[in-house]
């Protein structure tokens, strides 16, 4: 039997099994519970893929903006969600116009799921774009894959440099794991939670890491000790695959 850290999940939320959801059971329960509690006026999801988490956000938010660098989620999911606006493009350039639209319509942005670019720079840039905007209302920001060393470093570095507007930050709101997706000892999953309040002035911020020692000990036995140091070779790998006419497994994301 194949190991599965995402299923089965017992919940009164009616899940669409056709929508692939790349979260663990704990993460799924967390998102469902959080959305029930928040019931946001407007929510944003950065990185939609096949709509697993979008189905939950859409069910509890009045309106949702789905941002994705690929046009596949829009083509595959637009007919399934009547309250979702699909925006195709880089979140670094698409977020500000979405923020403007929400403000112009007099709506309240109350929730953001960040699950797009899983590099240290990409995560940092998404947070930087979110915090650079003059939001009017408090926002709950949930960030997937906070257990991944590069993602975690991007989140932590940003918070250390920009403590303003943050009333609470926890990198291990839900703990991640070695992921059962065919990779060898790669650390994925986990949810970080940031509470943003535009009225909070800059002051010292304590960044909660409730599973810091688990993260550190797991890292020492992970593939990231070597793999992340060789990340500079990835562009060369992509060029080689392209020259050989082969498809890199990550390219599947862009066209499904």
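FYI, it's all coordinate maths here, none of it is from the lab. Since the model is a prediction, treat every value here as computed from it, not as a measurement. All Cβ positions, even for glycine, are placed from backbone atoms using ideal geometry, and neighbour counts span all protein chains on display.
Per residue, the average separation of C-alpha pairs within less than 8 Å and at least 6 apart gives the chain a relative contact order of 15 percent. Just so you know, the Rg over Rh for segment 31-118 is 0.93, from Cα atoms, with Rh as the Kirkwood radius. In segment 25-254, one over the average inverse separation of all distinct C-alpha pairs is 18.5 Å, which is the Kirkwood hydrodynamic radius. Placing R0 at 22 angstrom, the Cβ-Cβ distance between residue 242 and residue 88 gives a FRET efficiency of 0.45 after rounding to 0.05. Multiplying the residue separation of residue 230 and residue 162 by 0.36 nm and removing their Cα-Cα distance gives an extension gain of 21.6 nm. DSSP beta bridges in the chain, what fraction antiparallel, as a percent rounded to 5? So the antiparallel bridges amount to about 40 percent of the total.
Dividing the summed -39500 (n - 2.57) terms of all DSSP H runs of n ≥ 4 by the residue count of the chain sets its mean residue ellipticity at 222 nm at -11000 deg cm²/dmol.
Spin-label pair residue 202-residue 217: with each label point 7 Å from Cα along the Cα-Cβ axis, the two points sit 3.8 nm from one another. Each of 212, 50 has some number of other Cβ atoms within 10 Å of its Cβ, and from fewest to most they run 212, 50. Site pair residue 15 and residue 74 shows an inter-label distance of 2.9 nm when each label is modelled 7 Å from Cα along Cα→Cβ.
The mean sequence distance of close C-alpha pairs (under 8 Å, at least 6 residues apart), as a share of the length of segment 87-210, puts its relative contact order at 26 percent.
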